[in-house]
Amino acid sequence: MALMGASDPLGEAEAIKEKPFLLRALQITLVVSLYWVTSISMVFLNKYLLDSPSLQLDTPIFVTFYQCLVTTLLCKSLSTLAAFCPGAMDFPTLRLDLRVARSVLPLSVVFIGMITFNNLCLKYVGVAFYNVGRSLTTVFNVLLSYLLLKQTTSFYALLTCGIIIGGFWLGVDQEGAEGTLSWTGTLFGVLASLCVSLNAIYTKKVLPAVDGSIWRLTFYNNVNACVLFLPLLLLLGELQTLLNFSQLGSAHFWGMMTLGGLFGFAIGYVTGLQIKFTSPLTHNVSGTAKACAQTVLAVLYYEETKSFLWWTSNMMVLGGSSAYTWVRGWEMKKIQEEPSPKEDEKSSMGV
């Protein structure tokens, strides 16, 4: 996913390991910090665009459409720049192929659901509750892996899922007790979690159609999304709402909208960068820690007061997610260390 440098991930990993410890530590710190800043900023900015009293703009589909449009234009611009400067930038050539676009379409429908439900959840719930509202992604991963891929899950992994579900229900209960619960936002959060899980499964199936390129997949996903969002904007009356918007000619408004699109594009890059400089397991741990920091920042920024049980629900969700990541990492390591049947046979024969 890197925009710059070599295209061989194994070579990149070896080059990173060969660097001095202090330099590697500094690089990892900068990359993780970049991921945190980008991700947290994007959530707060989207909350502003979707539910700000100063804007009073009730067009969540248009906000999502515009972010997809910005991502599409950025991908095409970088592809053109890479074609003119082949030695300075490593970015795939992007040409719109309708046959490929049709192949990617099923994933694009799930992708649209994922980003739309994410934004709708953020519109109706507070930033502090946002992570709990979308916390069932891991649970859906396990459920869909069994239903669609026939993959079983260990007892310990299921136990961590139980902790996540318990934290989710406790969080919903505490939001209700404080009078801030939005059932609409919570439902959108559950649907967003489902779509995130489906997106991961369909991505693996669709990647061969784009030659395994994440950037090509990003391009086609966002092109399809832009086309599919247009009838939704008309049916839901958001275009008319936008025409009547008092700040339609405001440079500040369009600047914030474009910044939201830039953050939406950047999160894919910094996510890949963090995985490249650390590991998928470390990335998941970093994401969990980031969610914790984001919740604390939201409570402080919006000057909210939360109960002990509310914080307990967040800790259950974050703790369960971290435990699931650790259990899956431990299980994968154990599988890799186990000798294959053929090696066992050779050992018994003394070969």
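Going by Cα centres, segment 267-340 and segment 92-169 are how many Å apart? Going from one Cα centre to the other spans 15 Å. Considering all C-alpha pairs of the chain, those separated by over 26 Å amount to 56%.
Pop the C-beta distance of LYS150 and ILE28 into the FRET formula with R0 = 45 Å and round what comes out to the nearest 0.05. Intermediate values should be presented prior to the final figure.
Details: r = 37 Å, r/R0 = 0.83.
The value I calculate is 0.75.
Karplus-derived 3J(HN,Hα) values for segment 241-247, using 6.51 cos²θ - 1.76 cosθ + 1.60 with θ = phi - 60°, are 4, 5, 5, 8, 6, 5, 9 Hz; glycine and proline are entered as x. Shape class of segment 88-190 from the Cα gyration tensor (axes a ≥ b ≥ c, square roots of the eigenvalues): oblate, since a/c reaches 1.5 or more and a/b does not exceed b/c. Cut-off 10 angstrom, C-alpha nodes, Gaussian network model of the chain. Which of GLY179, GLY171, GLY329 fluctuates the most? It is GLY179. Here segment 42-98 is treated as an ellipsoid with the same Cα gyration tensor; its semi-axes, largest first and in whole Å, are 33, 13, 7.
Using a probe radius of 1.4 Å on heavy atoms only, what accessible surface per residue do you get for segment 37-180? Whole Å² is fine. Before the final figure, lay out each step's value.
Details: 6560 Å² over 144 residues.
For segment 37-180, the per-residue accessible area is 46 Å².
Name the residue farthest towards the positive end of the dipole of the chain from the options PHE91, CYS68, VAL196, assuming +1 on Cβ of Lys and Arg, -1 on Cβ of Asp and Glu, about the Cα centre. Of the candidates, PHE91 comes out farthest on the positive side. GNM remark for the chain: springs join alpha carbons under 10 Å apart, and the peak mean-square fluctuation among GLY272, GLY249, GLY162 falls on GLY249. Here the chain is treated with +1 on each Lys and Arg Cβ and -1 on each Asp and Glu Cβ, and its dipole about the Cα centre works out to around 520 debye. Probe radius 1.4 Å, ligands and nucleic acids ignored: give me the carbon and sulfur share of the accessible area of segment 149-227 as a rounded percent. Carbon with sulfur: 66 percent of the solvent-accessible area.
Of LYS290/LYS333; LYS123/LYS204; LYS204/LYS276; LYS276/LYS333, which sit over 21 Å apart, Cα to Cα? Beyond 21 Å between Cα atoms: LYS290/LYS333; LYS123/LYS204.
Sequentially through segment 103-119, phi angles give Karplus couplings (6.51, -1.76, 1.60; θ = phi - 60°) of 5, 7, 3, x, 5, 4, 4, 5, 4, 4, x, 5, 6, 5, 5, 4, 5 Hz, Gly and Pro residues having no value and appearing as x. Take LYS150: with every protein chain present and a 1.4 Å probe, its accessible area is about 150 Å². Here the simple spin-label model places points 7 Å from the Cα toward Cβ, and for ASP58 and TRP169 these points are separated by 3.4 nm. Hydrodynamic estimate: the Kirkwood radius of segment 239-325 over Cα pairs, inserted into Stokes-Einstein at 37 °C and 0.692 mPa s, corresponds to D of 202 µm²/s.
Applying the Karplus relation 6.51 cos²θ - 1.76 cosθ + 1.60 with θ = phi - 60° to segment 136-151 yields 3J(HN,Hα) values of 8, 4, 4, 4, 5, 4, 5, 5, 6, 4, 6, 6, 9, 10, 6, 9 Hz, where x marks Gly and Pro.
Given a 1.4 angstrom probe, what's the average accessible area per residue across segment 202-351, in square angstrom? Don't skip to the answer; put the middle values down first.
Values: 8650 Å² over 150 residues.
So segment 202-351 comes to 58 Å² accessible per residue, rounded to a whole number.
The values are calculated or read from the model by the stated rules, or taken from the named source; none is laboratory data. Predicted model, so just to flag it, every value in this text is computed and none were measured. Neighbour counts are summed over all protein chains in view; Cβ atoms, including those assigned to glycine, are modelled from backbone coordinates with ideal geometry. Ligands, DNA and RNA are excluded from the accessible area calculation, which covers all protein heavy atoms including side chains. Shrake-Rupley method; radii C 1.70, N 1.55, O 1.52, S 1.80 Å.
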